[in-house]
Structures are given as C-alpha cells and as structure tokens.
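The values are calculated or read from the model by the stated rules, or taken from the named source; none is laboratory data. Small disclaimer: the values here were computed from a predicted structure and weren't measured. A quick note on method: Cβ atoms are made from the backbone with ideal geometry, for glycine too, and the neighbour counts reach across all protein chains shown.
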Amino acid sequence: MTTATALATADPAGHVDAGRLLARLDALARHGARADGGVDRPALGAAEIAARADLVAWGRASGLTPYTDGLANLFLRLPGFADAAPVLVGSHIDSQPTGGRFDGTVGVLAALAAVEAIRAAGIRPKRPIEVVAWMNEEACRFAPGMMGSEAYAGLKTVDQILPIKDAAGTTVGEAAAAVLAADRDVPLRPLPGRAHAFVEAHIEQGTVLEAAGVPLGIVTGIQGTRRYRIRVTGEAAHAGTTARSDRRDALMAAMRMIAAVEDLTREAADTLFTVGLFEVKPNAPSVIPAEAFFSIDVRQADDAVLDRLGTAIPETLAAHAGPCSVDVREIAHAPSVAFDEGLRCTLSKAAAALGAPAMDVFSAAGHDARSLARVCPTAMLFIPCRGGVSHHPSEHAEAEHIVLAARVLATTLARLADG
Ligand code: HGY
Ligand code: MN
Ligand code: MN
C-alpha cells in the first residue's frame, strides 16, 4: 500500500476502469427503465431498492463497506488509516418520472469508479473516503427534495422528514423502512453526519459547456430557489345552472393567481418561474372545480430578489383568490450558494494534470451539494449533456466525459483524503 507520503507519485486517475463504469450506468438504467430510453425511479421505490442493491454489491466486491441511515442514504466506505471525518463523494440515484439515465447516476458511479481507482493504485488514504447516494434529491414522490443530504447536514431533523407523505399517503418513514428491510447486513449510522469535504460530479443540465466545447465545468455555485404548494378551495356546482355571480370556481382563481405571480417574477428578467404540478377536483367536465392544487418553483441567483418574492408571492396569491380561499405552504427556501475556492482549485488542478480543458460554470439546477456546502467545504464538477436536455428521457452525456469526470475525481479525492 502506498503511504500518504508516496501519494504524490501514485496516479489513481490512470486506474479508473472505464468499461466497468459505463456497464454499471447501463445496469442502473435498467431499474425503472422506460420504453423511451429514460428512467422512472422515484425515491424509496422498488426500482431504487434494486439499484441500491447493485451499488452495495459492487461496493462490497471492491472492498468498500456499505452503511446507511434512518433515511436510507447509502454510503460505500474506503477506510483511512486515521480516525477522521470522511471525504464524501457522490450524488443521487432517484429520478424524475420522465427522467434521463444520467442525472445523479453519473455522479454516484463516477464516484465509485474513482474510489476503486484509488484502491487499485495501492493508495491507503489518511482519511476515509465514502461514496454516497443521497435519498430523495428530486422531490417528485416526496417534497421537498434533497431530504437525505439536508438531514445529513443537520438542516432538517429525521423527525421532520419521516411523516411527510406521497400522493398515495405513504410516509417517508414507511417507504424508508421498506428500503432498509431490503438491505442485506448494511449497518445503520446516526444522523446528522460529519464530513471533511464533499464533491459531486453531475451533468450540467445546461448548454454552457457544450457551447464552449469544454468537457469539464468547475462549478462556482448554485442559484437560489423558493418552492410552494398552493391549495385553492371553491365550491363544486353545476356547470350549466350556476350563475356567474354564484360561482366559487377554484380553477379560475388558480389561473388568475398563476398569471399574476408569473407577471410578478418578470421584475427580474432572469427569475425562472414554473408550475409543474397541477391538480383539479373533482376534475369533471360539467362540474365547477371545487379545488385546485398546484406547485410553484422559483429560481433566482440574486438573494435580494428571492427575498422580495418571498413576501410578494403569498400576497399576490391571496389578492387573486376572489370568492375562493387559498392555503399557501412554502416547502423550500434555499439561498444561492458559492462553492469552496480551495476545493474548486483542487478540481481545476486535477483537470489540468490530465490535460483536460475546464471552465467555471454556474449551476442553474439544484443539487445535494447545496446542503453539504452549509457544513463543509463543497464543490461540483460538471460534464456536458447534449443540448442541455435533462429531466427528459432523451438526456445524454458522452462516455468519454463520464470517464474523464471519474479520473478527475480520483485525483481530487486522493488529495483531499490526504489532507
Ligand atoms: O430541480 C432541480 O434543480 C434538480 O435537478 N432536482
Ligand atoms: Mn440531479
Ligand atoms: Mn434532477
């Protein structure tokens, strides 16, 4: 085993097994596979249990020890010779319902390949290194997202998260219990956790790298966000016999609200506003809607604008309720985050050592790195994705970029674990 002093000569990057990494990407894509080539792998569901079992088996075969916790975050640990806080590296394996096979998965598998390369290079790191697959990054089945990384970082308690229900009424606690029951001898660790540093590789989900023809992005930070769930309550009535003046139409009120908030967000040109979820009850053509339930997702890099919207959005929703009532629940508010300069420099040096072009890039998408950045030095590495398409079955990243990310991670982790 190479000791820490000989670390400078060992080249873990050269030990990344590209074929195995890419084969595993195909293997995980089979869990929740869609006919159109995408994946539908909701958090804590059967497909994620199967994907998790693959990760545990691959980790064990490479001499890594699996761990989990009460929220089913998954860790694969390479021990260090010092009893020190680990260097964490990874992302998520849950997906959007019409997701691609690369979002999150690239980060977890590149991390595993990088840690295996460190081991193959005969490096015994000073600090432990742990590959992590965070629970529920995507927020489709359970909202808000990033539950696993927020609990690890101590930003939310397990007790706050366990009772949250999905649309079918299943709680996070019940779903997580089913995942943990499927584990084979994976020891549980308490939450919150303690990390020395965290690195996450991910597809850019934008077009900056592709347009520049650069294979690696050293991410400067993530834009802020506010997320809401709004329930508008009116009264069901006959579509043909109810006079306009007697109507309490929840759908019409919701449409007025959404149009008004969309207008409001135009105050700052780069504010992004999305209503991705919309439900109407009773959802019958000749019945005036009694209830409308919808989401609001706002993204903005300027925290001052985000703060103003935090006041203006609820006010605007209430002002357009008309004869209906409205219940507004803010489920997430995360200010913009800047990543650690030192860690970004380590990533840049690792890219340069491989002769790979890299450039700074800002993340418009949210990631678990936002949670960890609140408690330890954190940075992200992007690779391009075709046309910037993501959260879509046609999402695509090039094999050479995925392997390159694993090689940069291997060099970076070896440095960090020696620190
Ligand atoms: O929504 C996001 O930004 C992330 O991709 N889940
Ligand atoms: Mn992601
Ligand atoms: Mn995503």
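Highlighted here are the strands (runs of 3 or more DSSP E) found entirely within the range 241-308 that include at least 2 residues which are among the acidic types (Asp, Glu) and closer than 22 Å to residue 231 by Cβ: 291-300.
Check 210, 150, 200 and return the single one that is under 25 Å from residue 396 (Cβ atoms) and within 16 Å of ligand 1 (Cβ to nearest atom). It is 200.
Of everything in the range 309-353, what is of a type outside the set (Val, Ile, Thr), in the same structural domain as residue 368 (by TED's automatic domain parsing) and assigned to a helix (DSSP H, G or I)? Give them in sequence order. If the condition is that a residue be of a type outside the set (Val, Ile, Thr), in the same structural domain as residue 368 (by TED's automatic domain parsing) and assigned to a helix (DSSP H, G or I), then 341, 342, 343, 344, 345, 347, 348, 349, 350, 351, 352, 353 are the ones that fit.
When the strands (runs of 3 or more DSSP E) confined to the range 1-119 are screened for residues that are under 16 Å from residue 136 (Cα atoms), those reaching at least 3 such residues are found at 87-92. Restricted to the range 87-101, and to residues there that are over 12 Å from residue 134 (Cα atoms) and not small (Gly, Ala, Ser), the residue that is farthest from ligand 2 (Cβ to nearest atom) is 87.
Residue 418 falls short on exactly one of the conditions (1) within 16 Å of ligand 1 (Cβ to nearest atom); (2) touching a helix residue (DSSP H, G or I) at 6+ places or on another chain (Cβ under 6 Å), and that condition is (1).
The single condition from (1) assigned by TED's automatic domain parsing to the domain that holds residue 239; (2) buried (at least 17 other Cβ atoms within 10 Å of the Cβ); (3) within 28 Å of the chain's Cα centre (by Cα) that residue 276 fails is (2). In this structure, residue 295 qualifies as more than 16 Å from ligand 2 (Cβ to nearest atom), more than 15 Å from residue 223 (Cβ to Cβ) and crowded, with 16+ Cβ neighbours inside 10 Å.
Being buried (at least 18 other Cβ atoms within 10 Å of the Cβ) and either at pLDDT 95 or above or of a type in the set (D, E, K, R) (or both) is true for just one of 352, 379, 318. Which residue is that?
On the way: 352 fails: buried (at least 18 other Cβ atoms within 10 Å of the Cβ); 318 fails: buried (at least 18 other Cβ atoms within 10 Å of the Cβ).
Going through 352, 379, 318 in turn, just one is buried (at least 18 other Cβ atoms within 10 Å of the Cβ) and either at pLDDT 95 or above or of a type in the set (D, E, K, R) (or both): 379.
Quick test for you: out of 101, 119, pick the one residue that is buried (at least 24 other Cβ atoms within 10 Å of the Cβ) and more than 11 Å from ligand 1 (Cβ to nearest atom). Walk me through how you get there before you give the answer.
Numbers: 119 fails: buried (at least 24 other Cβ atoms within 10 Å of the Cβ).
It is 101.
For the range 380-390, indicate whether the set of residues that are within 12 Å of ligand 1 (Cβ to nearest atom) and either within 22 Å of residue 139 (Cα to Cα) or of a type in the set (Phe, Trp, Tyr) (or both) is non-empty. Yes; the residues of the range 380-390 include at least one that is within 12 Å of ligand 1 (Cβ to nearest atom) and either within 22 Å of residue 139 (Cα to Cα) or of a type in the set (Phe, Trp, Tyr) (or both).
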